[in-house]
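Working notes, beginning with the structure itself.
The values are calculated or read from the model by the stated rules, or taken from the named source; none is laboratory data. Since this is a predicted model, take the numbers as computed values, not measurements. So basically every Cβ, Gly included, is an ideal-geometry build from the backbone, and we count neighbours across all protein chains shown. Quick note on the areas: whole protein, heavy atoms, side chains included, nothing else; ligands and nucleic acids left out. Shrake-Rupley method; radii C 1.70, N 1.55, O 1.52, S 1.80 Å.
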Amino acid sequence: MDTSADARKPVLSVRGLRTVVATPDGPRPVVDGLDFDLHPGETLCIAGESGSGKSMTALSIMRLLPEPMARIAGGSILLGDRDLARLGEGEMRHVRGNEIAMIFQEPMTSLNPVMTIGSQLTEALTAHRPMASAEARAAALEALKAVRISEPERRLRQYPHELSGGMRQRVMIAMALALNPKVLIADEPTTALDVTVQAQILELIRDLQRQTGTALIMITHDMGVVAEMADRVAVMNRGEVVEQGPVREIFHAPKDPYTRELLAAVPKLGALKGIEGPLRTAGQARPATPQPEPVVAVRDLTVRFDIRGGALNRVVRRVHAVEGISFEIKPGETLALVGESGCGKSTTGRALVGLLPFQGTIHIAGRQVNGRDRQSIRAMRRDIQMIFQDPYASLDPRMTVGDLVGEPLVVHGLAKGQELEDRVASLFTRVGLQRDHMRRHPHEFSGGQRQRICIARALSLEPKVIIADESVSALDVSVQARVLDLLQELQSELGISYLFISHDMAVVEQISHRVAVMYLGQIVEMGTRSQVLDTPRHPYTQRLIEAVPIADPDRRRESFARLQGDVPSPVHEVGYVPRHLRLRDVGDGHLVADEDETPALGCAA
Amino acid sequence: MAAYIFRRLVQAFLILLGVSLVTFVLLYLVPADPARQIAGRSATAETVANIREQLGLNLPFHEQYLRYLGRLVQGDLGRSYLQKTEVSALIASRLPASLLLMAGAIVCELLLGLTMGMVAAVRRNTRIDQGLMVLSFVGVSAPQFVVGILLLYVFAVQFGWFPIGGYGTFAHLVLPSVTLGFLGAGWYSRMMRSSMLDVLRQDYIRTARAKGVTRLRVILRHALPNAILPIIAMIGIDIGLFMSGIVVVESVFGWPGIGQLTWQAIQRVDIPIIMGVTLVSACAIVLGNLLADLIAPLIDPRIKLR
């Protein structure tokens, strides 16, 4: 974008940066020999997978490393003519927020929960410029207006928990840019946000950067975001920059094999346009059993949560998490449930495995699930299993992985002794792990391996259906691709059905036969994958698809279609009767809800 | 809010009813015969029987309890067997001294405990941290009569800074308060240290540092209010701890409070006093907890009382 910038002096110049963390075996470098220049007004994206050292780079520049566990061991970070690597803590304090500001990944936890937005904003100002409190307040209000937040005056008095994730990230941006810093570092600023919110935040950052001329370092694992934002890209792997260059060169003519691998692994939404069926079996005709009985049949599923209060502790309000949804899954089929956070997709999954009380009927493998009868829940759980999002949190750290995988067999009294051992071992080989891994504990495995262990555990009871709730979201793209492969391989071998719950449209495109889009507890569109993703009919589906950043710098969007405001709340007074959407068949079983009936979509293109 | 307090007060009433029943049963089962205690060793069997008649001690258990409850509702805690005065009057005359002592102890344990915990967390894994944690360990494990006597010996006898015992001025209050609060300070410093370490790892602390806020402000304005939250709930529970503590501390320092009254009553099996003190303590604990729960939302806006 800015060729004249190269002639100018860089605002930030990093040379030979080396950051080490202390380990029992001595210091281990996490950033090794990093060089880059950042020019005024430029956007440099540092891309890489987890553990590549990209966040450590940001923390090194800010000198916010968790010392003494991690520290800068060499190199220089020149801001103008000062070397930040050698600055004392007192001087460094004046740089932070004033000259270099930072936005973090988790907007939900990055703001202090017991301080108002206003006091956190004014603090960012008064930390560097002495000003009267009225003046600081006015400046804080200006900063909030600049990030285009709704009702800025009211936000000043609110606490972080009263704001949505997108609004909190806007507050973080307002705080970071309040003093007009020379450099802004954004560490995965949109990773924790829904796609439509992500699009808004990316657009905001880009607009503000153009206005202020701030140089931006954007750290991300998402090549879609890189393509959308970067002028230049630095690809990091194992603490080193493997390739650095203008964004088009990196995407169109990557020189380094790692860059090529990384780009190849990125699922691109729209890659399977016009083809039926998931990636692996794309084009192949599915074994045509005429009208097979559905393995999962859900009719009018409703899940509501009570909020109690008042003198007698009665139910005062209800969260209408899922409202009267119906769907079926056939044997050997993958139904993807997509939607943004809070739309009820995970709740649906939980109700299916009997983890939540529900209304409506659920049939699994022809048997009706009765939420109250323990015996029937137990029998049902043999047919339906679940894989969760976080492979780190869903494995008991004190058990060996062999015991974890074998536990369902023990609980259901299906195997013991040598037989148990053999069955667990065969599950391990089936998911691509080795037999001798069985004796180890979860912390000895990587994220991808742990998700394989979770898959093995779900397979142990030979279920007919597996619910995968955001099961690949926490994984790096290359690992993600392999886990998706494994899931599809298991499906074609064993004929398992999946309910694949995900917010990631590109992943959904790769794995699903059919797709259902959820919004505010209801299904707004459902059909085969090509029906829903290639010819979306409902405006909400269209907006979701448009919001996904494409990993191609030539398809960059100048402005994003925007959802104005926030999704309405699913919390209602007792006695509220929700209107159930009617789905209309627009041809070949492609079901679409009436646009006019969809509550407060608040669209503005 | 009003609905919440109402519900809590109903709960409190049920708790107190339960406490009265349990203490009544326990004291009913005590082998000592209150009538014999009152009459004295030399009294005839007839006199003892008379006293038993008078006090209703020969009635069946449930009638005794109901009669007791009936009087209780009217605010009548009964008469002391031995001192021949109203229990409520006795307690009322002793309560202010004990409340003063407890207030002093709370101030001591919060000041000592929170400061120690905070400093230890900020100076984690240094000599200072280790030293403070040893001190807190002493606080947790040293018996209160030992701490009390030690403090008396050093600060009253050797240095003569404080009076040896008694009641009346601020100087009298210092040593008993420190003694009573020392145990709690030990607990609090450990809790505060781990709570503070937890908070210092949070993302919002990093955000505050990224803003360029001074280190002192990060600790006092951002970390402290968050770290103190789990401790506030503890203060309510602490009042129960104090109730057992004052029995020892008041004896050591000759402090004219409920503790001494209780100690004397226990020795003489003066059941109405024991019952009365138990109920008053239960009240204090219930109210203390309610107060702690009411303070929490003032610090953390996410806590909603309903």
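P(r) tail, the stretch A:78-127: Cα-Cα pairs separated by more than 14 Å, 62% of all pairs. If you bin all the Cα-Cα distances of the stretch A:4-264 at 10 Å, starting from zero, the percentages per bin are 7, 30, 36, 22, 6, 0. Considering all alpha-carbon pairs of the stretch B:91-299, what whole percent are spaced by more than 21 angstrom? Value for the stretch B:91-299 (Cα pairs over 21 Å): 58 percent.
According to the square roots a ≥ b ≥ c of the eigenvalues of the Cα gyration tensor, what is the shape class of the stretch A:105-250, taking rounded for a/c under 1.5, prolate for a/b larger than b/c otherwise, and oblate for the remainder? Because a/c hits 1.5 or more and a/b exceeds b/c, the stretch A:105-250 counts as prolate.
For the protein assembly as shown, the Stokes-Einstein estimate of translational diffusion at 37 °C and a viscosity of 0.692 mPa s comes to 101 µm²/s, using the Kirkwood hydrodynamic radius over alpha-carbon pairs. For the stretch B:143-204, the normalised intensity computed at q = 0.19 Å⁻¹ comes to -0.72 (log10 of I(q)/I(0), Debye sum over alpha carbons, equal scatterers, no solvent). Estimated at 0.36 nm per residue, the fully extended path between residue A:252 and residue A:399 surpasses their Cα-Cα distance by 48.3 nm. Rolling a 1.4 Å probe over the protein chains gives residue A:214 an accessible area of about 10 Å².
Computed from the Cβ-Cβ distance with R0 of 22 Å, the FRET efficiency linking residue B:197 to residue B:304 stands at 0.20. Per residue of A:104-116, other chain Cβ atoms within 10 Å of the residue Cβ number 5 on average.
Rounded to the nearest 5, the antiparallel percentage of DSSP beta bridges internal to the stretch A:4-264 is 55%. Could you work out the relative contact order of the stretch A:296-604? I mean the mean sequence separation of Cα pairs under 8 Å and 6+ apart, divided by the number of residues, in percent. Relative CO of the stretch A:296-604 lands at 22 percent.
In the stretch B:153-190, which residues have a backbone nitrogen under 18 Å from the label point lying 7 Å from residue B:267's Cα in the Cα-to-Cβ direction? Taking a point 7 Å out along Cα→Cβ of residue B:267, the residues of the stretch B:153-190 whose backbone N falls under 18 Å are B:166. Distance between the 7 Å Cα→Cβ label points at residue A:494 and residue B:153: 7.2 nm.
Annotation: the antiparallel percentage among DSSP beta bridges lying fully within the protein assembly as shown is about 60.
The residues of the stretch B:189-215 occluded by other protein chains by 50 Å² or more of accessible area, set against the chain on its own, are B:203, B:204, B:206, B:207, B:209, B:210, B:211, B:212; surface from heavy atoms, 1.4 Å probe. Put simply, the convex hull of the Cα atoms in the stretch A:25-161 casts, on average, a shadow of 10.8 nm².
Spatially, the stretch B:155-225 and the stretch A:46-103 are offset by 34 Å when compared through their Cα centroids.
What the Kirkwood sum gives for the stretch A:17-85 is a hydrodynamic radius of 12.8 Å, with every pair of different alpha carbons counted.
Using C-alpha pairs below 8 Å separated by at least 6 residues, the relative contact order for chain A is 15 percent. Here the contact order of the stretch B:140-242, divided by its residue count and restricted to Cα pairs under 8 Å and six or more residues apart, works out to 24 percent.
Taking 20 Å as the straight-line reach from the Cα of residue B:84, the aspartates and glutamates in range (excluding those fewer than 8 positions away in the same chain) are B:33, B:53, B:76, B:270. Of the cross-linked pairs A:345/A:416; A:345/B:211; A:9/B:211; A:9/A:255; A:182/A:268, which ones have a Cα-Cα span greater than 30 Å in the structure shown? Over 30 Å Cα-Cα: A:345/A:416; A:345/B:211; A:182/A:268. Rg of the Cα atoms in the stretch A:296-604, relative to 2.2 N^0.38 Å, amounts to 1.06.
Here the gap between residue B:170 and residue B:82, fully extended at 0.36 nm per residue and compared with their Cα-Cα distance, gives a gain of 28.4 nm. Annotation: average projected area of the stretch B:31-111 is 8.0 square nanometres, based on the convex hull of Cα atoms across all directions. Extension gain, residue A:594-residue A:158: 0.36 nm per intervening residue step, less the Cα-Cα distance, totals 153.3 nm. Normalised by 2.2 N^0.38 Å, where N is the number of residues, the C-alpha radius of gyration of the stretch B:193-285 stands at 1.74. Comparing B:164, B:51, B:231 in a Gaussian network model of chain B where C-alpha atoms under 10 Å apart are linked, the largest mean-square fluctuation is found at B:51. Averaged per residue, chain B has 51 square angstrom of accessible surface, using a 1.4 angstrom probe with ligands and nucleic acids left out.
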